[in-house]
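S.K.: The following block contains the structure, expressed as C-alpha cells.
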Amino acid sequence: GPRLLRSESERFAQAACGEMIWFNVCFLMFKPQELFDVLVRPAIENPLVTSIQFIADEKEKALWESEVLPKIMQCKTNQKVREPRWSKLPETVSFILADTQPTGKAEALLSFWGEPFMAHTTARNVPRYIFHVRAHSELVARLVELARHHRVGG
C-alpha cells in the first residue's frame, strides 16, 4: 500500500550513496509538497549522495519547471541535483538506481506504468507496487544499461 511504498522509498534514499539516477519518474507525483518531502528530499539531503540525475521524458519539462525545480531550490544541498537529461521515453518502466549502504553496490526501486501495476485514484494514478531490485540481481545491470543509453543520447 501507499504507506509501505513511501517508507521503502524513504529508506532507499537514506541508504543511497554516490550518484542516484531517477529514470522516467512522473513529476506530477512530486506536486504535493508532502510527497516531495518523503520521496525526493531525503535523497537531496543525504550527505552520502553526491549527485542526482533525472532522466525524464521531454513531456515532463513544464512540470519540472513549475512543480519540481522550485521545491528542489528550497533544499539546502540542491546543487547536487543536475539538470535533467531530456529524452523520448516510450518505456513503461520507472526506476531509481543508486549504490546503497552498507554494500556500496547498485540497487534499484523499480515500478511499472499501467495495469495491473498502477492504482487509480481520483487525483492521479500512483504506483501500486515498487520492486526492490537487490544488488545480486541481473536486472540491475540491465537498468544501468538502460539509463546509460538515455544519458548518452538515446
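The values are calculated or read from the model by the stated rules, or taken from the named source; none is laboratory data. A quick note: this is a predicted structure, and the numbers were derived from the prediction, not measured. Counting neighbours? That spans all protein chains shown, and the Cβs are built from the backbone with ideal geometry, glycine included. All accessible areas refer to the heavy atoms of the entire protein, side chains included, with ligands and DNA or RNA removed. Shrake-Rupley method; radii C 1.70, N 1.55, O 1.52, S 1.80 Å.
S.K.: With every protein chain left in place, what is the accessible area per residue of the chain in square angstrom, probe 1.4 Å?
M.R.: I get 54 Å² per residue for the chain.
S.K.: How large is Rg/Rh for the chain, to two decimals, with Cα atoms and a Kirkwood Rh?
M.R.: On the Cα set of the chain, Rg over Rh gives 0.92.
S.K.: Return the whole-Å distance between the Cα centroid of the range 1-57 and the Cα centroid of the range 83-106.
M.R.: So the two Cα centres are separated by 10 Å.
S.K.: For the chain, what number of Lys pairs, 8 or more residues apart or on separate chains, have alpha-carbon atoms under 26 Å from each other?
M.R.: So the count works out to 17.
S.K.: Could you give the size of the charge dipole of the chain about its Cα centre, using +1 on the Cβ of each K and R and -1 on the Cβ of each D and E, expressed in debye and rounded to the nearest 20?
M.R.: Value, rounded to 20: 80 debye.
S.K.: Once the Cβ-Cβ distance between ARG6 and LYS76 is put in as r, and R0 is 30 Å, what FRET efficiency do you end up with, to the nearest 0.05?
M.R.: So the FRET efficiency works out to roughly 0.85.
S.K.: Keeping every protein chain in place, order TRP86, TRP22 by accessible area at 1.4 Å, biggest value first, i.e. largest first.
M.R.: The most accessible residue leads, giving TRP86, TRP22.
S.K.: Could you grab the relative contact order for the chain? Cα pairs under 8 Å, six or more apart, rounded to a whole percent.
M.R.: 25
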